[in-house]
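Q: Below is the structure I would like to discuss, written out as structure tokens.
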Amino acid sequence: MENYNVFDCSIIEFDRHHSDRKGNLTVVENGTTLPFDVKRVYYIYDIPGGESRGAHAHKELEQLIVAASGSFTVTLDDGKCKRSFLLNHPYQGLYVKPGMWRDLADFSSGAVAMVLASEVYQKEDYIRDYNEFLNYKNNRI
Ligand code: TYD
């Protein structure tokens, strides 16, 4: 697995199918609109004001994080550099490469963070200790 940095992560903008009177529809589809195939979807909601989520990294997992409703900020950290992204449109997603420490914060009331993931849940793929994360990143080329 390559040692990615925060500049390998970016916002992907999806098509919006407008309907004048009936709202919008956005499609995320394996093989066309996404750089990976989705094996799992989960969503985070009912986040109390002032709370943050995340505080971990993944060794192999690729993810797309979408503000399905409301807004929040995702800060990515590759061990050397940090980048923050405001997610506030359901037609945008933040593509997160493996090896990124992430923090989700500043949730608006009613925010829903929908996460599309390239693998099923694997506890061994998580790094939950920040110093362990720094060692993991710095011992790679
Ligand atoms: P956690 O990773 O701590 O959430 P966050 O990154 O948002 O802070 O996950 C919360 C709980 O949910 C934890 O007990 C593990 C469990 N969980 C699953 O069982 N399957 C999953 O796919 C995910 C993402 C979490």
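Throughout, read-outs are computed from the coordinates displayed, never taken from laboratory work. As the structure is a prediction and not an experimental result, all values here were calculated from the model.
Q: Taking θ = phi - 60°, what integer Hz values does the Karplus form 6.51 cos²θ - 1.76 cosθ + 1.60 yield along the range 39-50, in sequence order, with x for Gly and Pro?
A: 10, 8, 10, 9, 9, 10, 7, 6, 7, x, x, x
Q: I've got another one for you. Under 27 Å between C-alpha atoms is the cut-off here; go through the chain and count lysine pairs that meet it, provided they're at least eight residues apart or on different chains.
A: Lysine pair count for the chain: 18.
Q: Grab the DSSP H runs of the chain that are 4 residues or longer, score each as -39,500 (n - 2.57), total them, divide by all residues and round the 222 nm result to the nearest 500 deg cm²/dmol.
A: -2000 deg cm²/dmol
Q: Can you tell me how much longer the chain between Tyr121 and Tyr42 gets when fully stretched, taken as 0.36 nm per residue apart minus their C-alpha distance, in nm with one decimal?
A: Numbers: separation 79, 0.36 × 79 = 28.44 nm, distance 1.01 nm.
Gain on stretching Tyr121 to Tyr42: 27.4 nm.
Q: Per-residue HN-Hα couplings for the range 98-112, Karplus 6.51 cos²θ - 1.76 cosθ + 1.60 at θ = phi - 60°, whole Hz, x for Gly and Pro?
A: Once θ is set to phi - 60°, the couplings for the range 98-112 become x, x, 10, 6, 10, 10, 10, 8, 6, 5, 6, 5, x, 5, 10 Hz.
Q: From the backbone phi of the range 4-20, what are the Karplus-calculated ³J(HN,Hα) couplings (6.51 cos²θ - 1.76 cosθ + 1.60, θ = phi - 60°) in whole Hz, Gly and Pro given as x?
A: Result, rounded to whole Hz: 6, 10, 4, 7, 7, 9, 7, 7, 9, 9, 9, 5, 10, 8, 7, 9, 3.
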